[in-house]
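The structure under discussion appears below in the form of structure tokens.
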Amino acid sequence: MRPGGRLCAGLGGVVLVAVAAVSGCQETGGPRPDVEDSGITIRYETPAGSDRDDAAFLRRRKVVEEAASAVAALVEVDQRISVGVVSCDGEGSSYDPELTHVEICYDEVSETRELFRRAEPERAEPQRADDNVVAVMRETLFHETAHALVDTLELRVHGREEDFADQFAALMLLRRSVTGEQQLLAAAEAWYLSDVTNEDVDDEPDEHSSDGRRAVNHRCYVYGAAPGRHRDLVSPDALPAERAKGCGTEWNAVRASWMTALAPHLRKG
Ligand SMILES: [Zn+2]
């Protein structure tokens, strides 16, 4: 999931959506026009036929717009950041450092829905399934946007950038209190399910932590932020007790490293 650095294809049939303060856009990644405001540009590519329902879902739930607005509410966003919502044909959402461009894939909606459906067929309530998809897509958006923030704001990265990006997703979700906690836990569950259902043992190792480790990391952050509310997370399969002991300290360090990095760029007021 989420291969990094893939160049995006030319974007045809796009629709520009205003988010917070809006920057300009271009169709194929050439020089950007001068713009008055800073913000994140979102463009929806016309979906391939098989992606239409997923595209409609993302638009209806305003998943991309709300994630971008949440980032822009916290940080003075660099106007060079753009998000394309596109048909990827299974390639996975990604970030292109050359263009400071995030690509979010329509088909990850279906893939995520299927991941949970296979794991919990008896619990496939439509509302719950939708909420899980929104949670995972938000986590993906925050992760990819973190890479763009690191590049455009020249942030000091603490540890490996892929882990740092996961930690930004945790930071953004946990800022939303209980709803965000549930979304981060759903994202953790998706990483866990991806880990246990991945039959492709020949997957090339990449710069990300393993899916299983990403699941445990997210649970550690949720637990560390509010141990009293999440004692049930501590178990050998979900969050081993040995790890849980340090999660309060770990979460404080994660939050401090991101907030320190962002300090000169935080939105005032
Ligand atoms: Zn990444």
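The values are calculated or read from the model by the stated rules, or taken from the named source; none is laboratory data. What you see is a predicted model; the values in this text were computed from it and never measured. We place every Cβ from the backbone using ideal geometry, glycine too, and count neighbours over all the protein chains shown. What goes into the accessible areas is simple: the full protein's heavy atoms, side chains included, and nothing from ligands, DNA or RNA. Shrake-Rupley method; radii C 1.70, N 1.55, O 1.52, S 1.80 Å.
Among the residues of the range 188-220 satisfying the criterion of being under 22 Å from VAL150 (Cα atoms) and within 14 Å of the chain's Cα centre (by Cα), which is modelled with the lowest pLDDT? Once the filter is applied, the top-ranked residue is HIS208.
This table checks each residue for (1) under 14 Å from HIS147 (Cβ atoms); (2) within 16 Å of the ligand (Cβ to nearest atom).
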residue: LEU74; (1), (2): no, no
residue: VAL77; (1), (2): yes, no
residue: ILE81; (1), (2): yes, yes
residue: VAL86; (1), (2): no, no
residue: SER94; (1), (2): yes, yes
residue: THR100; (1), (2): yes, yes
residue: GLU120; (1), (2): no, no
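Could you please find all residues in the range 133-149 being more than 12 Å from LEU262 (Cβ to Cβ), of a type outside the set (Ser, Thr, Tyr) and within 13 Å of the ligand (Cβ to nearest atom)?
Answer for the range 133-149, where residues must be more than 12 Å from LEU262 (Cβ to Cβ), of a type outside the set (Ser, Thr, Tyr) and within 13 Å of the ligand (Cβ to nearest atom): GLU139, LEU141, PHE142, HIS143, GLU144, HIS147, ALA148.
Just one of the listed residues (LEU149, LEU153, LEU184) is surrounded by fewer than 22 Cβ atoms within 10 Å (Cβ to Cβ) and not β-branched (Val, Ile, Thr), namely LEU153. Is there a residue in the range 186-196 that is under 24 Å from GLU154 (Cβ atoms) and among the charged types (D, E, K, R)? Checked against the condition, which is being under 24 Å from GLU154 (Cβ atoms) and among the charged types (D, E, K, R), the range 186-196 yields no hits at all.
For the range 163-172, the candidate set comprises residues that are among the hydrophobic types (A, V, I, L, M, F, W, C) and more than 10 Å from ARG255 (Cβ to Cβ); within that set, the residue that is farthest from the ligand (Cβ to nearest atom) is MET172.
Residue-wise test of (1) within 16 Å of the ligand (Cβ to nearest atom); (2) of a type in the set (Phe, Trp, Tyr); (3) in contact with a Lys or Arg (Cβ under 9 Å, 6 or more places away or on another chain).
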position	(1), (2), (3)
ASP151	yes, no, yes
LEU155	yes, no, no
HIS158	yes, no, no
LEU174	no, no, yes
VAL178	no, no, yes
ALA190	yes, no, no
VAL196	no, no, no
ASP211	yes, no, no
TYR223	no, yes, yes
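Scan the range 221-233 and tell me whether some residue there is within 25 Å of ASP130 (Cα to Cα), free of Cβ contacts under 8 Å to residues at least 24 places away in the same chain, among the acidic types (Asp, Glu) and open to solvent by 60 Å² or more (accessible area, probe 1.4 Å). Checking the range 221-233: at least one residue is within 25 Å of ASP130 (Cα to Cα), free of Cβ contacts under 8 Å to residues at least 24 places away in the same chain, among the acidic types (Asp, Glu) and open to solvent by 60 Å² or more (accessible area, probe 1.4 Å). Residue count for the range 161-188 satisfying the condition of being touching a strand residue (DSSP E or B) at 6+ places or on another chain (Cβ under 9 Å) and charged (D, E, K, R): 0.
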